[in-house]
Amino acid sequence: MQLPDQETSLPARRAASRKRAPRRTGTDHAPRPNAWYLIPALLFFLAFAVVPLILVVVLSFSSWPGFGDVEWSGLDNWERLWNDGRVWDSTRITLQLTVLTWVTQTPMAIGIGVWAAGTQRNRAFLSSIFFLPLLLSSAAIAVLFHRFLDPNYGMASDLGPPLGFPDGNILGTSHGAFIVIVFVSGWQWIPFHSLLYQAAARNVPTVLYDAATIDGANRWNMFWQITLPQLRYTVVTSSVIMIVGSLITFETVLLLTGGGPGGATRILPYLMYSAGFESFEMGYAAAIATVLVVVATTISLIIVKFSGFAKMRSTLEGM
Amino acid sequence: MAQHSSPTARPNWIAGGLSTIWLIIIGVPIISMIVWGLTTERAFRDAGPLAIPTVWTFDNVTEIIDRGFLGYYWNTAIITVASIALSLVLALPAAYAIVRSRSWLASASFRMFLLGLAIPAQAVIIPLYLIITEMGLYDTLIAVILPTVAFTLPLVILILSGALRDVPRDVYEAMTLDGAGSFRMLVNAVIPIARGSISAVCIFVGLNAWNSFIFPLIFIRSEENTVVTLGLRQFQQEFAVDIPGLMMAVLISAIPVFLLYLFARRWLIAGLAGAGGR
């Protein structure tokens, strides 16, 4: 994690960087902590994160209504899942949402981040406004836009017609509701990714731009030839966070569209939630959750494979 | 766009235009929220969403408090403080052991926490529900605190062990000469040196707990244990027409984070950078 340290200029940091070189050689004879320092955190994490992850697979072979005993049901849930059109639809919608999120958020975040790293007049003031969505929770943002887009009271009746929704009921059409989810998660998350790009763009050595200016490069060339290549690690970091995050856009969907209309925004986490906590078919919901874990892991692995993003260390460097 | 170090100080019209559009996209919902929250339901309905209201009032604040919002606030505050405290109690010694211990357990658990970063909290709510109900913790604030801490723990340990690696070895050597044990080293030397990262971690955990929605949604049922984010959802359903009341509730829900933004922007951003990685 580079960011907190970069942001601080604590004596510790300076002391640490001075000591960095000799740190790894030799050994000291100071007393070392024993395993008991580690065991509470370890047991806690096992109990509330690792065991649940195993249990989710186990429960997918059971039938449990959320109370009473868990009964084994073999492959029933999986057979049902395979034949359930909603699961395939949800997987497709989830992947579409993920792709569209990346395609819209990445260019905007790079643009805003690079702009905010600059020295223009009013930049500090404007960027403090740009980052305001970061202060609101997902729930607050979803509630805000739900009312904002309410066809009776909100702005949708004014905004809808020019955007191609004559009755202003944007959330009532499947196309419109999907676009709204993409838009609202962009509104919420682009500021965060811009922050990452802003920090990275500030670290691009000025010499590169000076040299390019002497060579007569214009601003457009500089962006493509210098800024963007220098941001490549941040692009990977930001993309991983964005893609994994968009797989779990649960609050936005629950509060804004309720998965509707007609299942048009029913992403996998929402389908799982409604199977488990609305229909009380926990076993079936666990099977859907397993699919979610597999999809999320597969996508992460693909990114790791194709970007050389092999260690968490790189993510932290990207920040 | 990359004009920040370009000596040519020509105005960049494209960037300027795009940033104006983005300003409108960000500004209009936020300004509307504030303006709507400060008018009355009646004035809002008469004037419509686009007009500047003629009646300004803080009555919505009283109304929200009458509906029990302070109680939700109190619960959220307890969850936030308890999550921060529990995270530090668990993660500081663990990070210390990961950095300083020579045992296989330390490196094995570090790898486990790294992999743990990838577990999506949403995917395990069903087994968590089973575990929490079996523990008899359903509909308690503890039911929210435990998983919130568990799912922030990997990144917290990662950040803290990164910071603790930077503690110079001389510090340990010097304290050994003073006859300090490993616990005194943690408390008297390591924690003060790592306080920057500890602050960032506190804000990261605090933001996660304050904004947490899915765990309260699953584990909390009763009114007296409701938290702010769930309260917003309830208001969304109850305040069918009272948009000003709802907007004021949204505004109030963000006040603590807004104060951080004003007075501790650096730490907020450090905490957010972690929160986005979750």
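The values are calculated or read from the model by the stated rules, or taken from the named source; none is laboratory data. Treat the numbers as computed from the prediction; the structure is a model and nothing was measured. All Cβ positions, glycine included, derive from the backbone under ideal geometry; neighbour counts span all protein chains shown. Just the protein is used for accessible areas: all its heavy atoms, side chains included, with ligands, DNA and RNA removed. Shrake-Rupley method; radii C 1.70, N 1.55, O 1.52, S 1.80 Å.
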Determine whether B:S222 is over 24 Å from B:I65 (Cβ atoms), surrounded by fewer than 24 Cβ atoms within 10 Å (Cβ to Cβ), hydroxyl-bearing (S, T, Y) and modelled with pLDDT of 85 or more. no
Taking the stretch B:39-90 and the residues there that are hydroxyl-bearing (S, T, Y) and within 17 Å of A:R147 (Cβ to Cβ), the one that is most open to solvent (accessible area, probe 1.4 Å) would be B:T40
Determine which single condition A:Y197 fails, assuming it passes every other condition in (1) surrounded by fewer than 19 Cβ atoms within 10 Å (Cβ to Cβ); (2) within 18 Å of the chain's Cα centre (by Cα); (3) among the aromatic types (F, W, Y). (1)
I'm checking my understanding of the structure. Among residues of the stretch A:44-84 that are touching a strand residue (DSSP E or B) at 6+ places or on another chain (Cβ under 8 Å) and hydrophobic (A, V, I, L, M, F, W, C), which one is modelled with the lowest pLDDT? A:V70
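Tell me, which helices (runs of 4 or more DSSP H) wholly within the stretch A:85-189 include 2 or more residues that are in contact with a strand residue (DSSP E or B) (Cβ under 9 Å, 6 or more places away or on another chain), surrounded by fewer than 19 Cβ atoms within 10 Å (Cβ to Cβ) and polar (S, T, N, Q)? Step through it out loud before you land on a result.
On the way: elements: A:85-116, A:123-130, A:138-148, A:156-159.
Per the criteria, no element qualifies.
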Could you check B:A180 against (1) free of Cβ contacts under 8 Å to residues at least 60 places away in the same chain; (2) in a helix (DSSP H, G or I); (3) facing chain A (nearest Cβ under 9 Å); (4) small (G, A, S) and say which number it fails? (2)
Pull up the stretch A:217-269, narrow it to residues that are part of a helix (DSSP H, G or I) and of a type in the set (K, R), then point me to the one that is farthest from B:A121 (Cα to Cα). A:R219
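Mind listing whichever residues of the stretch A:214-235 are open to solvent by less than 40 Å² (accessible area, probe 1.4 Å) and either of a type in the set (S, T, N, Q) or touching an Asp or Glu at 6+ places or on another chain (Cβ under 8 Å) (or both)? Even if it seems obvious, please write down each step before you answer.
From the stretch A:214-235, those open to solvent by less than 40 Å² (accessible area, probe 1.4 Å) are A:217, A:219, A:222-223, A:226-227, A:231, A:234-235; that's our starting set.
Once the filter is applied, which keeps residues that are open to solvent by less than 40 Å² (accessible area, probe 1.4 Å) and either of a type in the set (S, T, N, Q) or touching an Asp or Glu at 6+ places or on another chain (Cβ under 8 Å) (or both), the stretch A:214-235 yields A:T227, A:T234.
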Conditions first: (1) more than 9 Å from chain B (Cβ to nearest Cβ); (2) at pLDDT 80 or above; (3) over 24 Å from A:L255 (Cα atoms). A:R121 passes all but one, so which condition is the exception? (2)
Under 9 Å between Cβ atoms, at least 6 apart or on separate chains: pull out the pairs that start in the stretch B:144-163 with a residue that is more than 15 Å from B:L114 (Cβ to Cβ) and within 8 Å of another protein chain (Cβ to nearest Cβ) and end on any residue that is open to solvent by less than 10 Å² (accessible area, probe 1.4 Å) and not in a helix (DSSP H, G or I). B:A163/B:A194
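Take A:G259 and tell me if it is buried (at least 17 other Cβ atoms within 10 Å of the Cβ), touching a Ser or Thr at 6+ places or on another chain (Cβ under 7 Å) and farther than 27 Å from A:V51 by Cα. Quick ask: steps written out before the conclusion?
On the way: buried (at least 17 other Cβ atoms within 10 Å of the Cβ): yes; touching a Ser or Thr at 6+ places or on another chain (Cβ under 7 Å): yes; farther than 27 Å from A:V51 by Cα: yes.
Against the criterion (buried (at least 17 other Cβ atoms within 10 Å of the Cβ), touching a Ser or Thr at 6+ places or on another chain (Cβ under 7 Å) and farther than 27 Å from A:V51 by Cα), A:G259 qualifies.
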Identify all residues within the stretch B:99-122 that are in contact (Cβ under 8 Å) with a residue 12 or more places away in the chain, within 24 Å of B:G181 (Cβ to Cβ) and either open to solvent by less than 20 Å² (accessible area, probe 1.4 Å) or not assigned by TED's automatic domain parsing to the domain that holds B:D166 (or both); write none if there are none. B:R100, B:S109
Which one of the conditions (1) touching a residue at least 12 places away in the same chain (Cβ under 8 Å); (2) in contact with a helix residue (DSSP H, G or I) (Cβ under 7 Å, 6 or more places away or on another chain) does A:G176 fail to meet, given that it meets all the rest? (1)
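Just checking, which of B:V171, B:V144, B:V124 is β-branched (V, I, T) and more than 30 Å from A:G283 (Cα to Cα)? Lay out the reasoning, then the answer.
Numbers: B:V144 fails: more than 30 Å from A:G283 (Cα to Cα); B:V124 fails: more than 30 Å from A:G283 (Cα to Cα).
After ruling out the rest, the residue left standing is B:V171.
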Among B:L158, B:L141, B:L130, B:L164, which is the only one that is at pLDDT below 90 and open to solvent by 10 Å² or more (accessible area, probe 1.4 Å)? B:L158
Look at B:V190 and say whether it is more than 9 Å from chain A (Cβ to nearest Cβ) and open to solvent by less than 10 Å² (accessible area, probe 1.4 Å). yes
Those residues of the stretch A:58-84 which are open to solvent by 70 Å² or more (accessible area, probe 1.4 Å) and within 27 Å of the chain's Cα centre (by Cα) amount to none
